[in-house]
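One structure is given here, and the rest of the page talks about it.
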């Protein structure tokens, strides 16, 4: 924060996360992680209601925004879902039918898919998988992985518009659920 404060506000453009405690007339295209996760999950409540329990795999050793946990927890409490926060999906995890997993890390996604295959659990009905951040691979993997994601292309376009127009607005980037067969 000390270094960022040395940048003249008219030359500063923050991407992805708006920093609280930073003053001045700077530009930002950001995610509101707690609200974004809550709203994206809410938009798919019809799919999530198929499951008895929601699990968030939130790695302890990687600095993801903790607001993601807040959004997940607020959604689960607000909609009366049983939930659990785990640090990872282990390779030998015992999956239970009726659970849906929200994963950040690709390794957790791969472990879930492998375990579903090994235990012959049907994705999208017996086990649900929801992943953060869309990629072309998630579109085709296991007949499609449902994702919640910010629109990274839009973030870049908005940042470019702010630079070209020399504006110092703070703009929340769009975030949504992309429905696919894994949920």
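Between residue 114 and residue 87, what is 0.36 nm times their sequence separation minus the Cα-Cα distance? Round to one decimal in nm.
Full extension of this stretch gives 7.9 nm more.
Please label the shape of the chain as rounded, prolate or oblate, based on the square roots a ≥ b ≥ c of the eigenvalues of the alpha-carbon gyration tensor (a/c under 1.5 means rounded; beyond that, a/b larger than b/c means prolate, else oblate).
prolate
Step by step: find N for the range 120-183, compute 2.2 N^0.38 Å, then divide the Cα radius of gyration by it. What's the final number?
Expressed relative to 2.2 N^0.38 Å, the Cα Rg reads 1.50.
When you count, for each residue, the other Cβ atoms within 10 Å and take the mean per peptide, how do 126-132, 53-59 rank with the highest first?
Those peptides, ordered most packed to least, come out 126-132, 53-59.
So what's the back-of-envelope 222 nm ellipticity for the chain, counting only DSSP H runs of four-plus at -39500 (n - 2.57) apiece and dividing by all residues, rounded to 500?
-9500 deg cm²/dmol
Taking 8 Å as the Cα distance limit and 6 or more residues as the minimum spacing, I'd like the relative contact order of the chain as a percentage.
Normalised by residue count, the contact order of the chain is 26 percent.
Rounded to the nearest 5, what % of DSSP beta bridges with both residues in the range 118-183 are antiparallel?
50
Relative to the first principal axis of the alpha-carbon coordinates of the chain, what is the inclination of helix 33-43, with its axis defined by its Cα atoms, in degrees from 0 to 90 and to the nearest 10?
The angle comes out near 50 degrees.
When N counts the residues of the range 1-93, how does its alpha-carbon radius of gyration compare numerically with 2.2 N^0.38 Å, as a ratio? Walk me through the intermediate numbers first.
Values: Rg = 17.2 Å, N = 93, 2.2 N^0.38 = 12.3 Å.
So the Cα radius of gyration is 1.40 times the expected 2.2 N^0.38 Å.
Considering only the range 4-178, what is the antiparallel percent among its DSSP beta bridges, to the nearest 5?
Around 15 percent antiparallel, to the nearest 5.
Checking the a/c ratio against 1.5 first, then a/b against b/c, what shape does the Cα gyration tensor give for the range 41-100?
On the way: a/c = 2.39, a/b = 1.15, b/c = 2.09.
Oblate, since a/c reaches 1.5 and b/c is not below a/b.
Where a number appears in this text, it was derived from the coordinates with a stated rule and is not lab data. Everything numeric here is computed off the predicted structure, so don't read it as measured data. Reconstructed Cβ throughout: ideal geometry from the backbone, glycine too, with neighbour counts over all protein chains shown.
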